[in-house]
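This report refers to the structure that appears directly beneath it.
The values are calculated or read from the model by the stated rules, or taken from the named source; none is laboratory data. Keep in mind it's a predicted model, so treat the numbers as computed, not measured. Glycine also receives a Cβ, built like all others from the backbone with ideal geometry; neighbour counts cover every protein chain displayed. For accessibility, only protein heavy atoms count, side chains too; no ligands or nucleic acids. Shrake-Rupley method; radii C 1.70, N 1.55, O 1.52, S 1.80 Å.
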Amino acid sequence: MAAPYDREALRTLLATRTLKRGDFLLVSGKRSRIYFNMKATMMTPEGAAQCARGLLSVLDGLDADYVAGLEMGAVPLLGGIAALSWDVGRPIGAVFVRKAAKAHGTSLMVEGLDDSGGETLQGKHVVLIDDVATSGGSILKAAEQIEAAGGIMKDAIVILDREQGADANLAERGITLHALFTATDLGVTEADKLPLD
C-alpha cells in the first residue's frame, strides 16, 4: 500500500518551488504577474510522489479505465499515476496525446496503447490530467484526440487551477474540472491576477 497523500506537504512545495512573481509571457500571449513552474515541483522525488498520490486520491472517486493528457505537462503525472495505481492494486492505464504526430515510427497521436495487441480507448472511461489549468485549452486539445480514439470523458484533474475560466470552458464540453489546489490556495491575490497588458 502506498503512503497516504499529504496535501499540506504538496501545498508547501508548490508555494515555495512553483509559484513565481514577476513579469511573464504566457502561452496565450498575455503577460502575467505570476507564473507556475510546475516542473520545479513535479520533478522532485517528494513532489512526484505527492502529485501522484493526490491525483490518485481524486481518481478513487471517479470511473476511470485510463488517464490521458497532452504532452509535455501531463506526461510525468501520467507515469506517476500508472505506477502508483499498480502499487495500490487498482491499476489505471495511461496514454498521452502528442501535439503533432511524429514523422517516423507509428506516427500515432495517442501514445501508450498496444495497438498491435488490439488495445483501444473505444468505450473506455478516460480522465484527463494536466499540471495547470488556465483556460483549459491543453485539456481540450487532448480531449479532441481521446474522443477521436473512442474514449469517453466526463472528468479532468489538475494539480493547479489558476482560476481563470478553465472550469467553465470544460463544463461547456461536459467535462468537470477537479483541482488539487487553486491559485488562491497558494496565496495568489486578486492583485496578482490583474493583467500586465
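A few points about this structure:
- Flag if residue 100 is in a helix (DSSP H, G or I) and surrounded by fewer than 18 Cβ atoms within 10 Å (Cβ to Cβ): no
- Residue 118, sole failed condition from (1) under 12 Å from the mean Cα position of the chain (by Cα); (2) open to solvent by 30 Å² or more (accessible area, probe 1.4 Å); (3) on the phi > 0 side of the Ramachandran plot; (4) small (Gly, Ala, Ser): (1)
- Remark: pairs (first residue in the stretch 34-63, farther than 13 Å from residue 9 by Cα; second residue open to solvent by less than 40 Å² (accessible area, probe 1.4 Å) and among the hydroxyl-bearing types (Ser, Thr, Tyr); Cβ separation under 7 Å; 6+ apart in sequence or on different chains) = 36/18; 37/18; 38/18; 40/18; 56/85.
- Any hit, the stretch 166-187, residues being of a type outside the set (Asp, Glu), open to solvent by less than 60 Å² (accessible area, probe 1.4 Å), under 24 Å from residue 54 (Cβ atoms) and in contact with a His (Cβ under 9 Å, 6 or more places away or on another chain): no
- Close pairs (7 angstrom Cβ cut-off, 6 or more residues apart or separate chains): farther than 17 Å from residue 144 by Cα in the stretch 156-170, open to solvent by 10 Å² or more (accessible area, probe 1.4 Å) and of a type in the set (S, T, N, Q) anywhere: 161/182; 162/134; 163/182; 163/184; 164/134; 164/135; 165/135
- Selection over the stretch 1-23 of residues that are within 21 Å of residue 191 (Cα to Cα) and modelled with pLDDT under 90 gives a count of 0.
- Scanning the stretch 1-56 for residues being assigned to a helix (DSSP H, G or I) and either basic (Lys, Arg) or open to solvent by less than 20 Å² (accessible area, probe 1.4 Å) (or both) gives a total of 17.
- Filtering the stretch 136-161 to residues that are part of a loop (DSSP other than H, G, I, E, B) and within 13 Å of the chain's Cα centre (by Cα) leaves only 136.
- Test: residue in the stretch 71-89 that is exposed (fewer than 15 other Cβ atoms within 10 Å of the Cβ) and more than 26 Å from residue 125 (Cα to Cα): no
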